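K.L.:
Have a look at this one before I ask anything.
The values are calculated or read from the model by the stated rules, or taken from the named source; none is laboratory data. As the structure is a computational prediction, the values presented were derived from the model and not from experiment. Cβ placement follows ideal geometry from the backbone for every residue including glycine, while neighbour counts extend to all protein chains displayed. Note: accessible area is taken over every heavy atom of the protein model, side chains too, but ligands, DNA and RNA are not part of it. Shrake-Rupley method; radii C 1.70, N 1.55, O 1.52, S 1.80 Å.
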Amino acid sequence: MRVLVTGGTSGLGLAMASALAAAGATVALTGRSGARASAVAADLPGAVGIELDVRDESSVARAVDQAWSRLGGIDMLVNNAGIGMRTVNPRFMTHPQGFWEVPVGGFRAVIETNLTGYFLVAREVTPRMLAAGGGRIVNISVSQSTMHRAGFVPYGPSRAGSEALSRVMATDLRDTGITVNLLLPGGATATGMLPADAVPEDQRFLEPAVMGPPIVWLASEQAAGVHDERIVAADFAHWLRDRNGGR
C-alpha cells in the first residue's frame with residue numbers, strides 16, 4: 001500500500017505515518033518544511049518526506065507529482081494537514097475569544113489550511129486514482145462538539161466544513177473504485193495544537209497513537225469497499241466488532 005499523509009511531521013499525522021510504515025506500507029509524508037519532512041521520514045522504514053503547503057495549488061501539484069513518482073503511485077491519501085486555534089488565539093483554552101474578535105487573516109489561514117487544503121490535495125490526487133482504477137481517501141476530522149464550541153472560530157467551522165466536504169466527496173465518488181471515509185480521534189488529543197501551559201491538570205487527553213489501528217485497518221484488504229463511514233479511533237475496536245457482527 002502506497003500512502004500519502006499530509007501534515008505528517010508531528011501529531012496525528014506522524015502517528016498515522018508511523019503506524020502505516022510499521023505495518024509495511026510505503027509512506028510519503030509532507031510538511032511545509034521539506035527538510036523537516038525528510039528528517040522525520042528518515043526515521044520511518046521506507047518513508048519519504050516531501051515539502052507541501054496545502055494552501056497553494058502549485059505546491060500541491062508539485063508535491064503530489066513527486067509523491068506519485070517516488071512511490072510509483074498513490075493507493076491512499078490521508079488528508080490530515082491542519083492548524084489549530086493557537087494560531088489565532090494562543091490562550092484559547094483559558095481565554096476564549098468571540099468570533100467578532102478573531103483576526104480576519106487568522107480566520108482565512110485556518111480555513112485555507114483545514115478546508116481548502118483538503119479540497120486542493122484531493123482534487124489533485126483523485127483524477128490520478130480514477131485513471132489507475134481506484135484508491136482510498138481518508139479525511140481526518142474532530143469531535144462534533146468542537147464544531148460548535150464557544151470560542152472556536154475559525155477552527156470549529158473549518159472542521160465542520162471539511163467533514164461536509166468529505167461526505168460530498170464520498171457521494172461524488174460512489175461506485176468509482178475510490179472510497180472516502182472520515183477518521184477522528186474521539187476526544188481532545190495531546191498534539192502541538194494544545195498549549196501545554198493552559199491544560200487543566202485533571203483533564204485527560206488521548207494520545208496520537210490512538211489513530212494507528214484504524215488507519216492501518218483502512219489501508220488493509222479487510223477495508224476494501226468500506227465507504228462513507230465516520231470512524232472514531234477511540235471506539236474503533238467496538239465499531240469493528242459491531243461491523244463484524246460481534247465477532
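K.L.:
Please list the radius of gyration and Dmax for region 1-135, considering alpha-carbon atoms only, with Å as the unit.
P.N.:
That works out to 15.8, 50 Å for Rg and Dmax.
K.L.:
Top to bottom by accessible area (1.4 Å), largest first, where do Phe152, Phe107 land? List each step's numbers first, then the result.
P.N.:
Values: Phe152 20, Phe107 80 Å².
Solvent-accessible surface, decreasing: Phe107, Phe152.
K.L.:
Another question, if that's okay. Taking 0.36 nm per residue of sequence separation and subtracting the Cα-Cα distance, how much length would be gained by fully extending the chain between Ser10 and Glu207, in nm to one decimal?
P.N.:
Numbers: separation 197, 0.36 × 197 = 70.92 nm, distance 1.22 nm.
Contour length minus the Cα-Cα distance gives 69.7 nm.
K.L.:
Right, something else. To test your reading of the geometry: what angle, between 0 and 90 degrees and rounded to tens, separates the Cα axis of helix 57-71 from the longest principal axis of the chain?
P.N.:
40 degrees
K.L.:
For Val226 paired with Ala22, estimate the spin-label separation in nm (one decimal), with each label point 7 Å from Cα along the Cα-to-Cβ line.
P.N.:
Computed distance between label sites Val226 and Ala22 equals 1.8 nm.
K.L.:
Per residue, how much accessible surface does the chain expose to a 1.4 Å probe? Answer in Å², no decimals. Mind showing how you got there, number by number?
P.N.:
Numbers: 11340 Å² over 247 residues.
With the other protein chains kept in place, the chain gives 46 Å² per residue.
K.L.:
Out of Val153, Val210, Val104, any idea which swings most in a Gaussian network model of the chain, alpha carbons joined below 10 Å?
P.N.:
Comparing Val153, Val210, Val104 in the GNM, the peak value goes to Val104.
K.L.:
So, R0 is 22 Å and r is the distance between the beta-carbons of Ser143 and His238; what FRET efficiency does that work out to, to 0.05?
P.N.:
On the way: r = 16 Å, r/R0 = 0.74.
Here the calculated transfer efficiency is 0.85.
K.L.:
Rounded to the nearest 0.05, what FRET efficiency is calculated for Ala132 and Val104 with R0 set to 30 Å and r the Cβ-Cβ distance? It would help to have the intermediate numbers written out before the result.
P.N.:
Details: r = 40 Å, r/R0 = 1.35.
It comes to 0.15.
K.L.:
So, with a 1.4 angstrom probe, what is the percent of accessible area on the chain that is carbon and sulfur?
P.N.:
Carbon with sulfur: 51 percent of the solvent-accessible area.
K.L.:
Put a dot 7 Å past each Cα toward the Cβ at Asp65 and Arg123; how far apart are the dots in nm?
P.N.:
For Arg123 paired with Asp65, the spin-label model returns 1.7 nm.
K.L.:
Rg to Rh ratio, the chain, alpha-carbon atoms and Kirkwood radius?
P.N.:
Numbers: Rg = 17.3 Å, Rh = 18.2 Å.
Here Rg/Rh amounts to 0.95.
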